[in-house]
């Protein structure tokens, strides 16, 4: 599995950016590993839809939303392929 923490870690973050990065990390963990399938799908949908709240979280974390969305969706896809084997 991917190291989720390493996907978001950056020593140059402000405390606020670290907080919003933690929100992204939690959502990613939920999308990849949440035990409740409904919660896992809700997190996946949040990334796929890339709505206003997703955009805001990315902005607050100082990440480009399209980059985050593309990277996370590829991680989700790889995780689904791995779990099928």
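The values are calculated or read from the model by the stated rules, or taken from the named source; none is laboratory data. Everything quoted here is computed from the prediction, not taken from an experiment. Here the Cβ positions follow ideal geometry from the backbone for every residue, glycine too, while neighbour counts run over all protein chains shown.
Tabulated values for the structure
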| read-out | value |
| --- | --- |
| Residue selected from the range 55-64 under the condition touching a helix residue (DSSP H, G or I) at 6+ places or on another chain (Cβ under 6 Å) and buried (at least 17 other Cβ atoms within 10 Å of the Cβ), by the criterion nearest to residue 12 (Cα to Cα) | 61 |
| Cross-chain or 6+ apart pairs with Cβ under 8 Å, the range 53-74 first and over 13 Å from residue 22 (Cα atoms), then assigned to a helix (DSSP H, G or I) and modelled with pLDDT under 95 | 71/7 |
